[in-house]
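One structure is given here, and the rest of the page talks about it.
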Amino acid sequence: MTITWAFRTMIVPAAQVELARTLAATLTGDAGDGMWTTGASAMGEAPATHFISTGMIDADFAALLPLTTVGEDGAATAPGAPDVLAALASQVGLSVTAAQVAAVLDAADVTDLEPFTALDMVGLRIVQDEATPV
Amino acid sequence: MSARNLAGSGLGGRKIPQGMLDSMLAVLFGAGEQGVWYDPSDMATMFQDTAGTIPVTGVEQPVGLLLDKSKGLANAGNGDRVINQIQYSEDIRMWGSTNGTRTVDSIIARNVTGYHGATQSMAFQKDVKTRISFEAKPLGFSKVYVADGSNGRFSVAIDLLAGTSNKPDDTTITLDPVTGYYYCTFDFTTPVASGVGQIGISGFPDTGATFSIYGVQFTGDGVSGINLRKVDVRLFADKDVFPVYQKKTTGLADLYLGNHAIQITAAKRPVLSARVNQLVGSEQWNKLPATDGSSSVTQELTDLPPFLAGATVARVTQSGAATSFYQYATAQPVIQGAINARSFFVKPLAGCAALRGSTSTGDPFYFFYDLTTKVMTVGGNAGSATVVEMEAGWLRFTVTEKVASTVASRIFSVAGTATGASIGAVFLSVGYDCRPADQSGLPYQRVNTATDYDADPARFPAYLKFDGVDDAIAVRTIDFTGTDKVSAFAGVRKVSDAAAGILVELGTNANGQPGCFGIFAPPSVTTPAIQWTVRGATTAQSAAINALPAPATLVVTGLADIAAPISLIRRNGVVAATRSATFGGGNFSAAALNIGARNETSVYLNSQIYGLIIRGAASTPAQVAAAEHYLSLKTGVRLP
């Protein structure tokens, strides 16, 4: 058994994060459950305006997401597939429209960059935990 | 030792023989001590998924299951292959439910109308006879309904007390008079296409229930339900395969004794890595392009000494009237705010009087090496340059330079100075490398792409990379209640001090939760340290290795005895801090062991872990020395 992974850094606005979490958990099962738990904001202070998830994800799922790549000529974004995502979601009982999925994808910043580079590009910093561990 | 041996040896002399691993097991866990031993250099102990079906086969793969070696990976008496196809065979809290209230071993119907079963997603194979078995006990209800809760591919209603079923030919019901549980089996074959289905199990009352493909619907009272445990779903062909009930919490990990760590969420899994060189295309000049017109560059395989065997080198030829001729690359990554070490191999051929290098056109740093006098001249910002004469006329230059915190990339240039104009002077170059300066002792690392590079474990120690954003891995529960002593050992490279990070923590807060401990790297954004915190019944005590800014690679040891009381932290085999104030007594607790984050949800570690050993016991000086020596080999740290 093998699986093909794709490295992605995905930043989602707080307003869209619940649907993003639901979609990931619904469409990829346990492997997609628990994403976007790390908050970010412009100054790195609460409340989080965005949430970030970064790491290896199933390449088949990654292929349905938009992807912004940064080259010497600047950034370019390949679109995602909201229609397909919505159809897949409906097959497993999640009622969501393509427009709702498209709104999440449009608002998200999906790259193959390392997370702190991706955060820098959109002017965000991770929200530091209020409670220090010491 | 010759320069060549220095450059090429790396960890070549540090391979750890199997005999040492066996003795490590005996020395540290020979008495059956509770604990963990995680070894990222042992690829056989890592899997990309939590079920253990996809082994880690190379670097830059995620690790979803990390097997614990502290019990020698001995068979757990749970079979020698995964038979039970359900994800969670027990602990009903791990199941889903529409309305039911779940405990470890029960499902209680809430006081609402609807379905009250415990459910799990799983796939059933088409046209393959399958057996479901479980143990149930009346808890107000004495009837049990089992069904494919989303597709209705099968269903059975069992009356535990009457010993009857609506599928009598396929069902057995046996009472264990000691426990009061009924052992039930049900066989079925699904005639429909395979796909994601759902198993649902619920108790139901004598009256008021209706049935559908989704299960049984009724109004609960908030009290009545059933006890449920030991759920097993397997192919009928495996019905007699040992064990008849196979405990299933993760998959492969259930077959081995030990405290195995998992990360369910794919994107949160740490990644196995051995990467040191930050550049890509280290031997492909077309990936480090550009000349300035003063030279022409061709790539070629040439007769190379062993330390460069198989490399593709650049032949840089003077092509203009200027005596200086260059090759350079723009926007090459550097480590921000740290001292970078850039290195490369150069072999001067005809007409070269000197070799040079610089790190940007603005010359924050440059060097000039006279090939005749062998005098090195440096200039620009603070930095240093060294050259080592290798065999066959090759030179290895290493330049170190502090990079401003805001600088993410720089030019990488190598230049020759010809003895005259337009004479076609030539030098060869290869092996471009950029890394934090404290890792300059490791040999040159070939990097083609981010996932294709030299990961020879004899040269580059393997580590688990935690990204500081969302990576974590954890043992769901580990029981340290039998001890008030603990020893923790870690080989770690602290990459950043930009945020507090949890290296390892028992429980959800070692500072606030009784009977817990943790290593923090760093403990806070304002404290560039590594801290060992232990809490007894009432009080937490912390000991820290202070003034330890990232990046820093070390073996860290935390030892604690709540009763004594004493707690200390060691850095590379030397005591760094000791505390002897009271912890308030008590023992350690049974809790999750979290690695790389607090409770898998915060205080994420931005570091690399080369090995982690935790013993729920005091350690003798010999045991401490053995663990630290072992981790020093794994980490590449020299102990005094």
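Scanning chain B for trypsin sites (Lys or Arg not before Pro) lying in DSSP loops with no more than 13 further Cβ atoms inside 10 Å, the longest uninterrupted stretch between such sites is B:82-373.
Kindly identify region B:208-277 as rounded, prolate or oblate by the Cα gyration tensor criterion: order the square roots of the eigenvalues as a ≥ b ≥ c, call it rounded if a/c is under 1.5, otherwise compare a/b with b/c, prolate if a/b is larger, else oblate. Provide the component values of the computation, followed by the final result.
Working: a/c = 2.86, a/b = 1.77, b/c = 1.61.
Verdict is prolate for region B:208-277.
Sorting the Cα pairs of region B:586-629 by distance into bins of 5 Å, from 0 upward, gives 5, 15, 19, 18, 19, 18, 5, 0 percent per bin. When the Cα atoms of the protein assembly as shown are aligned to their principal axes, the ranges along those axes come out at 104, 64, 50 Å in descending order.
What is the percent carbon and sulfur in the accessible area of the protein assembly as shown, measuring with a 1.4 Å probe over the protein chains and ignoring ligands?
54
For residue B:423 paired with residue B:578, estimate the spin-label separation in nm (one decimal), with each label point 7 Å from Cα along the Cα-to-Cβ line. Going from the residue B:423 label point to the residue B:578 one covers 6.8 nm. When both bridge partners sit in region B:492-589, DSSP labels roughly 100% of those beta bridges antiparallel. Heavy-atom accessible surface of region B:230-378, averaged per residue, reaches 39 Å², computed with a 1.4 Å probe. Computed from label points 7 Å out along Cα-Cβ, the spacing between residue B:456 and residue A:15 is 5.6 nm. The alpha carbon centroids of region B:608-639 and region B:58-110 are separated by 30 Å. Within chain B, all pairs of alpha-carbon atoms sorted by distance into 20 Å bins from zero give the percentages 17, 38, 29, 13, 3, 0. Entry note, region B:20-170: relative contact order of 11 percent, from Cα contacts under 8 Å with a spacing of 6+ residues. Convex hull of alpha carbon positions in region A:74-127: directionally averaged projected area 5.1 nm². When the Kirkwood radius is taken over all Cα pairs of region B:149-188, what Stokes-Einstein diffusion coefficient follows at 4 °C and 1.567 mPa s, in µm²/s? Roughly 118 µm²/s, to the nearest whole number. For the pair residue B:81 and residue B:625, a Förster radius of 41 Å applied to the C-beta separation gives a FRET efficiency near 0.55, rounded to the nearest 0.05. Residues of region B:249-282 whose accessible area, computed with a 1.4 Å probe over protein heavy atoms, drops by at least 10 Å² once all protein chains are present relative to their chain alone are B:264, B:265, B:266, B:267, B:268, B:269, B:271. Buried surface for the B/A pair, taken as the accessible area of each chain alone minus that of the pair with a 1.4 Å probe, is close to 2300 Å² in total.
Which residues, if any, in region A:110-126 have at least 30 Å² less accessible area in the whole protein complex than in the isolated chain, probe 1.4 Å? For region A:110-126, once contacts with the other chains are taken into account, A:116 lose 30 Å² or more.
Axis angle, to the nearest 10 degrees, between helix B:18-29 and the longest C-alpha principal axis of chain B: 50 degrees. Rg and Dmax of region B:64-139, based on Cα coordinates, read 16.4, 51 Å.
Pairs with C-alpha atoms separated by more than 24 Å, drawn from the list B:69/B:230; B:347/B:374; B:137/B:247; B:230/B:485; B:402/B:634; B:247/B:485, are B:69/B:230; B:230/B:485; B:402/B:634; B:247/B:485. In this structure, residue A:6 and residue A:107 have a Cβ-Cβ separation that, at R0 = 22 Å, corresponds to a calculated FRET efficiency of about 0.60. A 1.4 Å probe run over the protein chains yields, for region B:499-640, 31 Å² of accessible area per residue, whole-number rounding.
Taking only protein heavy atoms and a 1.4 Å probe, what accessible area per residue, in Å², does region B:111-181 have with all protein chains in place? If you can, show how the numbers build up before the last one.
Values: 3160 Å² over 71 residues.
Heavy-atom SASA per residue in region B:111-181 reads 44 Å².
Taking a point 7 Å out from the Cα of residue B:57 in the direction of its Cβ, the residues of region A:53-67 whose backbone N falls within less than 20 Å of it are A:56-61.
Helical content of the protein assembly as shown, expressed as a calculated mean residue ellipticity at 222 nm, amounts to -3000 deg cm²/dmol (DSSP H runs of 4 or more residues, -39,500 (n - 2.57) each, divided by residue number, nearest 500).
Size of region B:532-618: Rg and Dmax of its alpha carbons, in Å, are 13.8, 36. Our coupling estimate for region B:315-320, obtained by passing each phi through the Karplus curve with A = 6.51, B = -1.76, C = 1.60 and θ = phi - 60°, is 9, 9, 10, 4, 10, x Hz, Gly and Pro reported as x. Were the residues from residue B:185 through residue B:449 laid out at 0.36 nm apart, the gain over their Cα-Cα distance would be 89.7 nm.
Size descriptors for region B:409-500 (Cα atoms only): Rg and Dmax, in that order, 22.5, 80 Å.
Taking region B:103-189, how much of its Cα-Cα pair set, in percent, is spaced more than 16 angstrom apart? Here the tail beyond 16 Å accounts for 57 percent of pairs.
Based on the Stokes-Einstein relation at 10 °C and a viscosity of 1.306 mPa s, and on the Kirkwood radius from alpha carbon pairs, region B:208-349 is assigned a translational diffusion coefficient of 68 µm²/s. Please report, to two decimal places, log10 I(q)/I(0) for region B:144-249 at q = 0.10, 0.13, 0.14 Å⁻¹ as given by the Debye formula with identical point scatterers on the Cα atoms and no solvent. Results for region B:144-249 at q = 0.10, 0.13, 0.14 Å⁻¹ read -0.31, -0.53, -0.62. Comparing each chain alone with all protein chains together (probe 1.4 Å, DNA, RNA and ligands left out), the residues of region A:1-15 losing at least 10 Å² of accessible area are A:1, A:3, A:5. For chain B, relative contact order (Cα pairs under 8 Å, six or more residues apart, normalised by length) works out to 15 percent. Applying 1/(1 + (r/R0)^6) with r as the Cβ-Cβ distance of residue A:122 and residue B:402 and R0 = 30 angstrom yields a FRET efficiency of 0.60. Specify the angular offset, from 0 to 90 degrees and rounded to the nearest 10, of the alpha carbon long axis of helix B:621-635 from the longest principal axis of the alpha carbons in chain B. In chain B, helix B:621-635 runs at an angle near 60 degrees to the longest axis. At a threshold of 8 angstrom on Cα-Cα distance, excluding pairs fewer than six apart, so keeping six or more, what relative contact order does chain A reach in percent? Computed over chain A, the figure is 33 percent.
Helix A:82-91 and the longest principal axis of the C-alpha atoms of chain A enclose an angle of approximately 70°.
When chain A is modelled as a GNM with alpha-carbon springs shorter than 10 Å, which of A:55, A:74, A:29 fluctuates the most? Greatest mean-square fluctuation among the candidates belongs to A:74.
The distance separating the Cα centre of region B:303-363 from that of region A:86-112 comes to 49 Å. Label separation (residue B:539 vs residue A:77): 5.7 nm, computed from points 7 Å beyond Cα along the C-beta direction.
The values are calculated or read from the model by the stated rules, or taken from the named source; none is laboratory data. Computed from a prediction, not measured in an experiment: that's the story for all the values here. Here the Cβ is made from the backbone with ideal geometry for all residues, glycine too, and neighbour counts use every protein chain on show. We work out accessible area using only protein heavy atoms, side chains counted, and drop any ligands, DNA or RNA first. Shrake-Rupley method; radii C 1.70, N 1.55, O 1.52, S 1.80 Å.
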